[in-house]
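The values are calculated or read from the model by the stated rules, or taken from the named source; none is laboratory data. In this text the structure is predicted, and so the values were computed from the model without any measurement. We place every Cβ from the backbone using ideal geometry, glycine too, and count neighbours over all the protein chains shown. Surface areas here come from the heavy atoms of the whole protein model, side chains and all, with no ligands, DNA or RNA. Shrake-Rupley method; radii C 1.70, N 1.55, O 1.52, S 1.80 Å.
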Amino acid sequence: MAFRLATKDDRAVLVSGEGIYDLERHGSGRFSPDAMDAIARHRELHEVYAGLPAVADGPYDVEALGICVPRPQKIFAIGLNYRAHAEESGMEIPPNPLVFCKFANCLAGATSDIVVYGPTTDWEAELVLVMGSRARDIPAGEAWDHIAGLTCGQDVSERATQFASKPPHFDLGKSFDTFGPIGPCVVSPDQLEDPSNLHLTCDVNGERRQDTRTDDLIFGIPELVSYISSICTFEPGDLIFTGTPSGVGFGSGTFLQPGDVVTTTIEGLGTMTNHCVAKPG
Ligand code: ZN
């Protein structure tokens, strides 16, 4: 009982071992090729996954995968959710979750290029929650029942744009095209020994920049789901970027340049490798 869901050529695929399986083909006619449909019916995926044959449709090649959640209705992100990161940012720890939004145009795949739009483009490795049901007013104790899975994310941020207005308005500086790589797969929480305590790292050009465990979040996963759902109804596929630990470029004045390689790894979820490229033209 568990699943790993990805997309390839705009079709939902299940990832098992070293192979991928087309969901529509293996779903006994119950699933369309649309990954959003699969996320909405994530409870049924466990059974399909358990019944996959030994021989896959094709090899697992992370570079061939698309965006694992291609069309979320909403993308929330949390600022200053690790204590040391709040300190390096010179900002006070917020009394409630600091929630902002990223727009869906920023989504990219696990090996997509990150376009460097400005001189203060920064990395932020994050655990991303993929909501699995239409729900609001979710009690913290029931939050995990509404989560389809987890994935890796980068909340790439152009700092000058993020702080261009006063008071700052984070959304646009974090929503340039390609500023939201996620993936490689949506991993169901039951695949993980402890989904609320995962090792998360971010390397830039092979140098370790961020290294934490996700149990160090100030507002944990149940609290975030409960808080946001007291305001907005979640839809299946909605994403929550849960915040980044210390070690972003902002602290040391080091930012991403074309040619840099950002590697984001979360225990049990996989690795994203994103190359930075210059703005076209
Ligand atoms: Zn962030």
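Counting only DSSP beta bridges with both residues in segment 75-278, tell me the antiparallel percent, nearest 5.
On the way: 37 of 45 bridges.
Roughly 80 percent of the DSSP beta bridges within segment 75-278 come out antiparallel.
In the elastic network of the chain, a GNM with C-alpha springs shorter than 10 Å, the most mobile of 36, 131, 91 is 91. Ordering 197, 175, 185 by Cα displacement along the dipole of segment 169-210 toward the positive end leaves 175 in first place; charges were set at the Cβ atoms of Lys, Arg (+1) and Asp, Glu (-1).
Quick check: from the Cα gyration tensor, does segment 93-171 come out rounded (a/c under 1.5), prolate or oblate? Oblate, because a/c is 1.5 or more while a/b does not exceed b/c. Karplus-based coupling profile of segment 161-166, in residue order and whole Hz: 5, 4, 10, 6, 10, 10, with θ = phi - 60° in 6.51 cos²θ - 1.76 cosθ + 1.60 and x standing for Gly or Pro. Taking each DSSP H run with n ≥ 4 as -39500 (n - 2.57) and averaging over every residue of the chain yields -3500 deg cm²/dmol at 222 nm. Ignoring lysines fewer than eight residues from residue 74 along the same chain, the ones with Cα atoms less than 20 angstrom from its Cα are 102, 174.
Please compute the per residue accessible area over segment 46-189 with all protein chains in place, 1.4 Å probe, rounded to a whole number of Å².
On the way: 5660 Å² over 144 residues.
Averaged over the residues of segment 46-189, the accessible area is 39 Å².
Largest accessible area first, the listed residues 263, 201 line up as 263, 201 when surface is computed with a 1.4 Å probe on the assembled protein chains. By a 1.4 Å probe calculation restricted to protein chains, residue 211 has an accessible surface near 90 Å², given to the nearest 10.
Tell me whether segment 1-107 comes out rounded, prolate or oblate; compute the Cα gyration tensor, take square roots of the eigenvalues as a ≥ b ≥ c, and use a/c under 1.5 as the rounded threshold.
On the way: a/c = 2.58, a/b = 2.40, b/c = 1.07.
Taking the square roots of the gyration eigenvalues as a ≥ b ≥ c, segment 1-107 is prolate.
The length gained by stretching the chain between residue 61 and residue 166 to full extension, at 0.36 nm per residue less their Cα-Cα distance, is 33.4 nm. Calculate what fraction, in whole %, of the accessible area of segment 207-250 sits on carbon and sulfur atoms when a 1.4 Å probe is rolled over the protein chains. Solvent-exposed carbon and sulfur of segment 207-250 make up 43 percent of the total.
Taking a ≥ b ≥ c as the square roots of the eigenvalues of the Cα gyration tensor of segment 4-64, is the shape rounded (a/c under 1.5), prolate (a/b larger than b/c) or oblate? It is oblate, given that a/c is not under 1.5 and a/b is not larger than b/c.
Taking all protein chains together and a probe of 1.4 Å, list 74, 102, 279, 8 from the most accessible to the least accessible. Walk me through the numbers on the way to the answer.
Details: 74 40, 102 5, 279 115, 8 65 Å².
Ranking 74, 102, 279, 8 by accessible area, largest first, yields 279, 8, 74, 102.
For segment 117-173 and segment 18-68, write down the distance between their C-alpha centroids in whole Å. Taking the Cα centre of each part, segment 117-173 and segment 18-68 sit 26 Å apart.
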